[in-house]
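The values are calculated or read from the model by the stated rules, or taken from the named source; none is laboratory data. Model, not experiment: these values are computed from the prediction. With ideal geometry, Cβ positions are generated from the backbone for all residues, glycine too; neighbour counts draw on all protein chains shown.
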Amino acid sequence: MATILPFPKKRTIPVWGLTQEECDTIHALAYDLIREGRATGVSIHNDGQYMCVFDGHGEPYFIGRVDNDCYLFNASEALIAENRRFEVVIDALQEILTEKIGHPA
């Protein structure tokens, strides 16, 4: 049975979600990260309003959109990246997951 992660309390649930293309990109990236041992899973919530990628220790990193900005934050609700360009946020996710396992970014 899957564990359902509630959207962090301090954040407003996004009105505009990720696009299908963005969800597909996150799934593909997560697959590669899992294969490399840098992530343990990926989940999608509220029909693509936001997604979680879980690091090697199972800690979630939330990716979503609010007011057309894409953002990334951790389980402690610390904002890691925010940008209108989805690619910038995905690059930040890859970098942080690489740093957490001690590989050069």
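Of all residues in the stretch 18-27, count the ones that are more than 12 Å from the chain's Cα centre (by Cα) and in a helix (DSSP H, G or I).
Residues flagged as more than 12 Å from the chain's Cα centre (by Cα) and in a helix (DSSP H, G or I) within the stretch 18-27 amount to 3.
Considering only residues that are of a type in the set (D, E, K, R) and buried (at least 20 other Cβ atoms within 10 Å of the Cβ), look in the stretch 52-77 and name the one that is nearest to CYS23 (Cα to Cα).
Only one residue fits best here, namely ARG65.
Any residue in the stretch 51-74 that is of a type outside the set (A, V, I, L, M, F, W, C), part of a helix (DSSP H, G or I) and in contact (Cβ under 8 Å) with a residue 24 or more places away in the chain?
There is no residue in the stretch 51-74 that is of a type outside the set (A, V, I, L, M, F, W, C), part of a helix (DSSP H, G or I) and in contact (Cβ under 8 Å) with a residue 24 or more places away in the chain.
Out of LEU5, LEU18, LEU29, which single residue is modelled with pLDDT of 90 or more, touching a strand residue (DSSP E or B) at 6+ places or on another chain (Cβ under 8 Å), surrounded by 13 or more Cβ atoms within 10 Å (Cβ to Cβ) and not polar (S, T, N, Q)?
LEU29
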